[in-house]
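Chemist: There's a structure below that I have some questions on.
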Amino acid sequence: MTNPNRDALIARLPKAELHLHIEGSLEPEMLFALAERNGVAIPFASVEAVRAAYSFSNLQDFLDIYYQGMSVLLREQDFYDLTWAYLERAGADNVRHVEIFFDPQGHTDRGVAFETVLSGIERALYDGEARLGISFRLIMCFLRHLSEAEAEATLNQALPHLNRIHGVGLDSSELGHPPAKFARVFARARGLGLHVTAHAGEEGPPAYVHEAIHDLHVERIDHGNRALEDPDLVHHLARDQMTLTVCPLSNLRLCVIREIADSPVKRMLDLGLKVTINSDDPAYFGGYVGANFRAVADALDLSAKEIVTLARNSFTGSFLTAEEQAPHLAAIAEAAR
Ligand code: ADE
Ligand code: ZN
């Protein structure tokens, strides 16, 4: 049930977002505006028709539309506008730090230069830091439906820009593409000093979460829902305080859960897992971080203490140093009093 005190607490708590695909923040209005600006044809007659098409039965249904949506992103300014719009929305939810994913292969395969993508996103991130006070890290994802050789080529493209990229991730179609397929390229990324994270256990089995940990040596698991099916894995995740970046509205819209009340967030908290709340692809799934917090808090009747834990986890699970986390944790304590 909606609770005004709980919503006010969610609004005033400083938060970090750790699982956000910047291309998934492309709102239908911007899709249309960029299609017109760049002369790109899109198969929709109106913003309403786009929204009506956002009805998915599974991850692949969504990904087909997500990759199609990216076709309007061509110039540096497009990536800037996309990222800036996300930062303004995140700032309105009191998000103080973001660790955002981008999918270079979704752009370079269409002939858009790696540098164009990186520069546009990065310029907005620096503006966000200066004007909105939102710090950032940038994570380059490999598309797991493509080959490891293609991921290697993408890492090669990133080599001249390694001081601008903080980590690598693994996303796209999960089933049939286990983490171990990318063990070598992840080892190379780690050797280059990059942070590592991977989507696992969204649709894929608990074995994929196990592989992400043992074969890719990830620092976080993106989603991780299906880890709950394996008690040994749960024990390991709790013992090591592995951060899980759960995305409640995404789970609902991609039919990972039937209703928000089935979200694993409360069960994960009860099991002592380090769970965080994130928006994944907010333009497609109906809400940014604040909406995700409110949805689970209402449906699972989360206590103020649990909500504060989720906000704390978002910073302690980030790639910020303990020193960088400290002022945010102090601000959370202040907001929680
Ligand atoms: N790419 C964008 N969103 C994704 C998701 N939820 N799972 C896998 N790949 C994605
Ligand atoms: Zn994701």
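Chemist: Looking only at the stretch 183-208, which residues are among the hydrophobic types (A, V, I, L, M, F, W, C) and either more than 14 Å from ligand 1 (Cβ to nearest atom) or assigned to a loop (DSSP other than H, G, I, E, B) (or both)?
Modeler: Step one: list which residues in the stretch 183-208 are among the hydrophobic types (A, V, I, L, M, F, W, C), which gives 183, 185-187, 189, 192, 194, 196, 198, 200, 207.
Residues satisfying the conditions are Ala183, Val185, Phe186, Ala187, Ala189, Leu192, Leu194, Val196, Ala207.
Chemist: Is there any pair linking a residue in the stretch 114-139 that is closer than 27 Å to Ala326 by Cβ and of a type in the set (S, T, N, Q) to one that is open to solvent by 10 Å² or more (accessible area, probe 1.4 Å) and modelled with pLDDT of 95 or more, with Cβ under 8 Å and at least six apart or on different chains, and which?
Modeler: Close Cβ pairs satisfying both conditions: Ser135/Arg96; Ser135/Glu129; Ser135/Leu320; Ser135/Glu324.
Chemist: Here's another thing I want to ask about it. Could you please tell me which pairs satisfy a Cβ distance under 8 Å, a separation of 6+ or placement on different chains, a first residue in the stretch 279-294 that is under 14 Å from Leu18 (Cα atoms), and a second residue that is of a type in the set (Lys, Arg)?
Modeler: These pairs meet every condition: Pro282/Arg89; Tyr288/Arg89; Val289/Lys15; Phe293/Lys15.
Chemist: Please work out which residue is surrounded by the most Cβ atoms within 10 Å (Cβ to Cβ), limiting yourself to the stretch 3-57 and to residues that are away from ligand 2 (no atom under 16 Å from the Cβ) and acidic (Asp, Glu).
Modeler: Of everything passing the filter in the stretch 3-57, Glu27 is surrounded by the most Cβ atoms within 10 Å (Cβ to Cβ).
Chemist: Looking at Leu228, Leu269, which is the one that is hydrophobic (A, V, I, L, M, F, W, C), touching a Pro at 6+ places or on another chain (Cβ under 7 Å) and more than 16 Å from ligand 1 (Cβ to nearest atom)?
Modeler: Working: Leu269 fails: touching a Pro at 6+ places or on another chain (Cβ under 7 Å).
When all the criteria are applied, what remains is Leu228.
Chemist: Considering each residue of the stretch 72-104, count those that are among the polar types (S, T, N, Q) and surrounded by fewer than 22 Cβ atoms within 10 Å (Cβ to Cβ), and give that number. Step through it out loud before you land on a result.
Modeler: Pass one, the stretch 72-104, residues among the polar types (S, T, N, Q): 77, 83, 94.
Right, trim to surrounded by fewer than 22 Cβ atoms within 10 Å (Cβ to Cβ) and you get 77, 94.
So the answer is 2.
Chemist: Could you grab the pairs with beta carbons closer than 7 Å, sequence gap of 6+ or different chains, first residue in the stretch 163-182 and buried (at least 18 other Cβ atoms within 10 Å of the Cβ), second one assigned to a strand (DSSP E or B) and among the basic types (Lys, Arg)?
Modeler: What qualifies is Gly167/Arg137.
Chemist: Please note which helices (runs of 4 or more DSSP H) are completely contained in the stretch 264-329 and include at least 3 residues that are in contact with a Leu (Cβ under 8 Å, 6 or more places away or on another chain) and among the hydroxyl-bearing types (Ser, Thr, Tyr).
Modeler: Numbers: elements: 265-270, 282-285, 289-299, 304-316.
Per the criteria, 304-316.
Chemist: Only residues in the stretch 250-261 that are outside any loop (DSSP other than H, G, I, E, B) count as the first member; pair them with residues that are open to solvent by 80 Å² or more (accessible area, probe 1.4 Å) and away from ligand 2 (no atom under 16 Å from the Cβ), Cβ under 8 angstrom, at least 6 apart or cross-chain, and list the lot.
Modeler: Correct list of pairs: Leu252/Glu259.
Chemist: Val296 - would you say it is away from ligand 2 (no atom under 16 Å from the Cβ), of a type in the set (Val, Ile, Thr), closer than 29 Å to Leu87 by Cα and open to solvent by less than 20 Å² (accessible area, probe 1.4 Å)? Show your work before the answer.
Modeler: On the way: away from ligand 2 (no atom under 16 Å from the Cβ): yes; of a type in the set (Val, Ile, Thr): yes; closer than 29 Å to Leu87 by Cα: yes; open to solvent by less than 20 Å² (accessible area, probe 1.4 Å): yes.
So Val296 passes the test.
Chemist: Does the stretch 241-253 contain at least one residue that is surrounded by fewer than 21 Cβ atoms within 10 Å (Cβ to Cβ) and more than 16 Å from ligand 1 (Cβ to nearest atom)?
Modeler: Within the stretch 241-253, one or more residues are surrounded by fewer than 21 Cβ atoms within 10 Å (Cβ to Cβ) and more than 16 Å from ligand 1 (Cβ to nearest atom).
Chemist: If you check Gly169 against the conditions, is it under 20 Å from Tyr66 (Cα atoms), modelled with pLDDT of 95 or more, within 16 Å of ligand 1 (Cβ to nearest atom) and assigned to a helix (DSSP H, G or I)? Write out each step before concluding.
Modeler: Working: under 20 Å from Tyr66 (Cα atoms): yes; modelled with pLDDT of 95 or more: yes; within 16 Å of ligand 1 (Cβ to nearest atom): yes; assigned to a helix (DSSP H, G or I): no.
So Gly169 fails the test.
The values are calculated or read from the model by the stated rules, or taken from the named source; none is laboratory data. Every value quoted in this text rests on a predicted model; they were computed, and no experiment measured them. In this analysis, Cβ positions are derived from the backbone assuming ideal geometry, glycine residues included, and neighbour counts consider all displayed protein chains. For accessibility, only protein heavy atoms count, side chains too; no ligands or nucleic acids. Shrake-Rupley method; radii C 1.70, N 1.55, O 1.52, S 1.80 Å.
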